[in-house]
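The values are calculated or read from the model by the stated rules, or taken from the named source; none is laboratory data. Since this is a predicted model, take the numbers as computed values, not measurements. Backbone-built Cβ (ideal geometry, glycine too); neighbour counts: all protein chains shown.
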Amino acid sequence: MAELDPPPATPTLPAAPTPPATSGQAPDGSVEQNTTRVAQRMREPIKKFVSLQWVPLTAALVSLVLSVTAIYVSTRQPDVLLILPDQIRVAQGRESGGAYVYLQPAFVSTGANDRVEVIRDMVLEVTSPSGERASFSWDQELRLVTDPETGALGYEYVADAVPILVGPRDAAAPLSLFDAPNGWFFVPGSYTFVVAADRVVVGQPISARFSLTLTPENVAFLDQPGPDRFLAFPIE
């Protein structure tokens, strides 16, 4: 019996080679892992910002700045401004023995805190036409009154000259009497006046200056016999 030849063998194709890894890719899912790590790193500062961890530190810094500013403002020296009135009233009498002046300076606090300044004393320095200087002393606080019979303007004693308190909410404007040295009288000519006020807290005086000219007619009116007379002059 004849033998059959076996069928020819099916040719086997070679296996396809594994493609090499290209740049930007890595085997075993490493690309996805890298992307996840980068995303996590980007989310961390966002989480910190959203969690408001910076708020306590910022609040502490702001509080420190405000505290330092408050301490600086509260410890500043009080600042007081001396403002001259619109007019000065000059009087003298040969019978009374000297000249005197009615003046109402105003003291206003311009400081940035609540500290109070004390005006301890005032003096009115007067320089005569000959260059002689005289110190008018602050003696009294007065108020204006009107004579009900004659309608003439006069002055009435209120208090002795005492220290003045000047604060941010309390300005002071005492109507003051300044007396010349005994035997000193005004004569015709130009005068220079300097109001000087001594301060207790700051320790440095404040002052204001103005000028005045008296004519022979002015002096003759002031020197008339009888009760002392006064004249009002504008301050420019």
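Listing for the model above:
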quantity	calculated
Restricting region 171-186 to residues that are outside any loop (DSSP other than H, G, I, E, B) and touching a Ser or Thr at 6+ places or on another chain (Cβ under 8 Å), the residue that is surrounded by the fewest Cβ atoms within 10 Å (Cβ to Cβ)	ASP179
Total residues in region 87-137, condition farther than 20 Å from ALA197 by Cβ, under 22 Å from the mean Cα position of the chain (by Cα) and charged (D, E, K, R)	1
Every pair of residues 6+ apart whose Cβ atoms lie under 6 Å, when the first sits in region 90-103 and is in the same structural domain as SER176 (by TED's automatic domain parsing) and more than 15 Å from LEU214 (Cβ to Cβ) while the second is of a type outside the set (S, T, N, Q) and at pLDDT below 90	GLY93/ASP228; SER96/ASP228
Candidates ALA161, ALA152, filtered to the one that is touching a Ser or Thr at 6+ places or on another chain (Cβ under 8 Å) and closer than 25 Å to VAL80 by Cβ	ALA161
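Condition check ((1) in the same structural domain as PHE107 (by TED's automatic domain parsing); (2) within 23 Å of GLY131 (Cβ to Cβ); (3) not small (Gly, Ala, Ser)) across all residues:
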residue: SER190; (1), (2), (3): yes, yes, no
residue: ASP198; (1), (2), (3): yes, no, yes
residue: SER207; (1), (2), (3): yes, yes, no
residue: ALA220; (1), (2), (3): yes, no, no
residue: GLN224; (1), (2), (3): yes, no, yes
residue: ASP228; (1), (2), (3): yes, no, yes
